[in-house]
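A short write-up of the structure that comes next.
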Amino acid sequence: MKVSKEFILEAHKEACSNWKNKIEKEFPELFVEEKLEVGKWYKIFSQEEYGFNYLWFISEIKNNKIFRYGFDEKGIYYKINNEYNELMSISQMKNFIPATKEEVETALIAEAKKRGLMDNEDIICAYHNKIKGNIIKHFYYDKKETTLWGEHGAVFYNGKWATIIEKPKFTKEEAEKKFNIQIV
């Protein structure tokens, strides 16, 4: 006998809490979408044999697929629309647990440091898309806007990182020639 999704959902709605838990355990892909919220960060434990933990921001849920960006089990950041990690089937994952502000902030700050955003004087702000100056010494994570702020602008906003503005480096000879001066 083939059982439809609608039948399972109707049975779940009418069931007592004990049977609701059994149905959810047997058909997890039918209930995960209800529990996940777009616009929130989650810690995720993979159902597959590897047992990886992830930290993902859910940007969209559409046609039983989760669109997200965030960090894999090795702490490597994947951006929106990354070809390899763009989609994830709801049925592939279980144990979506809301991440704490501190967990997200720690991961974002570690990534900002890894990208060298603390060591550069000028960046293009991820929020305003304008050049901001000075080296970043402190960060603040705004959970409501999912933005990591430095003293002078957004280091991370909506899946986008600030861009480091590389300053040109010249040898003494190149500088003398370019600026038509003599350096003593």
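The values are calculated or read from the model by the stated rules, or taken from the named source; none is laboratory data. This one's a predicted model, so the numbers in the text were calculated from it and none came from an experiment. Glycine gets a Cβ as well: all are built from the backbone with ideal geometry, and neighbour counts include every protein chain shown.
Scanning segment 14-37 for any residue that is of a type in the set (S, T, Y), at pLDDT 80 or above and in contact with a strand residue (DSSP E or B) (Cβ under 8 Å, 6 or more places away or on another chain) turns up nothing. The combined condition, being at pLDDT 85 or above, within 30 Å of Y42 (Cβ to Cβ), of a type in the set (S, T, N, Q) and under 17 Å from the mean Cα position of the chain (by Cα), is fulfilled by T106. The residues of segment 125-145 that are touching a helix residue (DSSP H, G or I) at 6+ places or on another chain (Cβ under 8 Å), under 21 Å from L55 (Cα atoms) and buried (at least 18 other Cβ atoms within 10 Å of the Cβ), listed by number, are F139, Y141.
Within segment 151-169, being out of contact with any strand residue (DSSP E or B) (no Cβ under 8 Å at 6 or more places or on another chain), surrounded by 12 or more Cβ atoms within 10 Å (Cβ to Cβ) and either of a type in the set (V, I, T) or over 21 Å from I76 (Cα atoms) (or both) holds for one residue alone: E151.
The number of residues in segment 1-21 that are loosely packed, with under 13 Cβ neighbours inside 10 Å and either assigned to a loop (DSSP other than H, G, I, E, B) or among the charged types (D, E, K, R) (or both) comes to 10. Considered as a group, the residues in segment 124-141 that are hydrophobic (A, V, I, L, M, F, W, C) and over 10 Å from A162 (Cα atoms) include one that is modelled with the lowest pLDDT, and that residue is I135. Put simply, of E111, E173 the only residue that is acidic (D, E) and under 21 Å from the mean Cα position of the chain (by Cα) is E111.
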